[in-house]
Amino acid sequence: MLCIGILFSCKSGVPAGDAGGDDAGEVKTPVTVTSIERESMADNILLNATSAFMIKSVIKSNVNGYIQKALATPGQTVSAGQLLFVVKTKEAQAIGSHELDSILQFNGTIPIKATQNGYISQLDHQQGDYVQDGEQLCIIADKSSFAFVLEVPFELSAYVKTGNNCKVLLPDGEQLNGKITSKVPAVDPVSQTQRCIVKIIPPKPLPENLIARISITKSSRPDAEVLPKSALLTDETQTEWWVMKMINDSTAVEVPVKKGIESGDKVEIVSPQFAPSDRILISGNYGLPDTALVSVEKR
């Protein structure tokens, strides 16, 4: 009986922390941490837009006849007053230019010239073609009228204001500066979208019918408190948000937060304000209870 009493006495004298395992045998979850950062954040809308020349001139034949000369070629830059076509009337073709010239002091050829500066965006007829009075010969696109046509859902029209700057993202990854120059005061009856015109600043030669994405800023914060999205945790309804913050070297507690602007893999923390020294969990945080034992690992 004395031996048994000594054994129990010895066992009860062993400290709890020395009985095996860390902190009374509780398992610590390995985690990585980060701290709050301050940077500019913006909430952007991305909408598709199609490039177009807003001003075009249709060059037409003003007589019935044959194209004697076609000096226009697709893509050619032309100036106002430049000769594009020479059309020979069908009467002159039938009778002969010399006979007409001797009788009427007219050789039966009609010069057709460019009406504006631009380039030939469409060529409809070549030399030798027969054309009728009023028939389209080519189209001249005004280079200065190049713009992107943006169809904006009406519920977002309040964010797309005339005079505001925007970003134009081209399919090849190039990013250009743009400006919203006008809004058409009407909406499409089917799609309920409003047409807006976006100009490239400074102008850059681009093809027509190019589809780009226009980035428009809804709201921005020049000096926001920012955390990686991986730091945020939420409930099933995504109505409550929180982060896990270290309060010492081995304990993390749940801190409710209010989030703001999201951009890429980062999110603005509106409240509460964190100190630069606060350590916030960014991995190993999922499923942790409030006041959890953790082990911080180096990234």
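Quick note: the coordinates plus some simple rules give every number you see, no bench work behind them. This structure is a prediction, so every number in the text was calculated from the model and none was measured. Quick reminder, even Gly has a Cβ in these numbers, built from the backbone with ideal geometry, and neighbours come from all protein chains shown.
Taking each residue as 0.36 nm, the span from residue 240 to residue 82 lengthens on full extension beyond its C-alpha to C-alpha distance by 50.0 nm. Here is the list for region 100-182: trypsin sites (Lys or Arg not before Pro) lying in DSSP coil, each with at most 13 other C-beta atoms within 10 angstrom of its C-beta, are 161. To the nearest 10 degrees, how steeply does helix 2-12 sit against the main Cα axis of the chain, on a 0 to 90 scale? Computed tilt is about 30 degrees. Taking 19 Å as the limit for the C-alpha separation, the pairs 161/229; 218/259; 167/199; 56/179; 161/199; 28/266 exceed it in the case of 161/229; 56/179; 28/266. When only Cα pairs below 8 angstrom with a gap of at least 6 residues are kept, the chain shows a relative contact order of 25 percent. Longest stretch of the chain clear of exposed loop sites (chymotrypsin sites (Phe, Trp or Tyr not before Pro), DSSP loop, at most 14 other Cβ atoms within 10 Å, sites excluded): 107-285.
How much FRET efficiency would the formula 1/(1 + (r/R0)^6) give for residue 58 and residue 209, where r is the Cβ-Cβ distance and R0 is 22 Å, rounded to 0.05? Computed FRET efficiency for residue 58 and residue 209 comes out at 0.75.
Electrostatic tally near residue 239: other residues with Cβ closer than 14 Å to its Cβ, Lys and Arg +1, Asp and Glu -1, net -1.
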